[in-house]
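Input: a single structure, listed below in structure tokens.
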Amino acid sequence: MSIVNQFFSYDRNNVFAKILRNELSANIVYKDNKILAFHDINPIASTHILVIPNGEYIDYCDFLSKASSDDICHYFSTINSMVKQFKLDQSGFKLVTHSGKGGGQEIPHFHTHIISNQKIESN
């Protein structure tokens, strides 16, 4: 079984699809006709943003095999712009993309986490 079909097919009722359709709310930090970015509801760092394409892509491999070159470049260029916007390029950051169930992916919609190196301070 390939990584792309570990989820078998795109689930139009996944949480990210619902956010894209405005059925669920999100704290949006960036939006255009191809990409949506918003704060993670369970952040693991002081800055933890999720970036998702608007298209129905299951995971990283699905995105790279189905999206146009322009859309792929736009996706990663937007991530780079967000890193600079939040000044993470000055302090360090992680980009995380889980791919497939075996890779720890829980939601069958391709997404990338932008995570700062600053832990959340607890009270």
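Per Stokes-Einstein, at 25 °C and 0.890 mPa s, what whole-number D in µm² s⁻¹ belongs to segment 1-91, with the Kirkwood radius over Cα pairs as the hydrodynamic radius?
On the way: Rh = 14.3 Å.
This corresponds to a translational diffusion coefficient of 171 µm²/s.
Around the Cα centre of the chain, unit charges on the Cβ atoms of Lys, Arg, Asp and Glu (plus for the first two, minus for the last two) sum to a dipole of about 160 debye. Shape call for segment 55-116 from the C-alpha gyration tensor, a ≥ b ≥ c root eigenvalues: rounded (a/c under 1.5), prolate (a/b greater than b/c) or oblate? Oblate shape, in that a/c is at least 1.5 and b/c is the bigger or equal ratio. Among the lysines of segment 4-116, pairs that are 8 or more positions apart or on different chains and have alpha carbons within less than 29 Å of each other number 20.
Looking at segment 54-122, the GluC sites (Glu not before Pro) that sit in a DSSP loop and have at most 14 other Cβ atoms within 10 Å of their own Cβ are GLU106, GLU121.
Close amide H pairs (under 5 Å, H built 1.01 Å from N) link TYR57 with PHE110, residues at least 5 positions away or on another chain. Per-residue Karplus couplings for segment 72-83, computed as 6.51 cos²θ - 1.76 cosθ + 1.60 with θ equal to phi - 60°, are listed in order as 5, 4, 4, 4, 6, 5, 5, 4, 4, 5, 5, 4 Hz, Gly and Pro entered as x.
Amide hydrogen proximity for TYR30: with H placed 1.01 Å from N in the peptide plane, the residues at 5 or more positions away or on another chain lying under 5 Å are ALA37.
Read-outs: derived from the displayed coordinates by stated rules, not from any lab. No experiment lies behind these values; they were computed from the predicted model shown. Cβ sites come from the backbone with ideal geometry, for glycine too, and all protein chains shown count toward neighbours.
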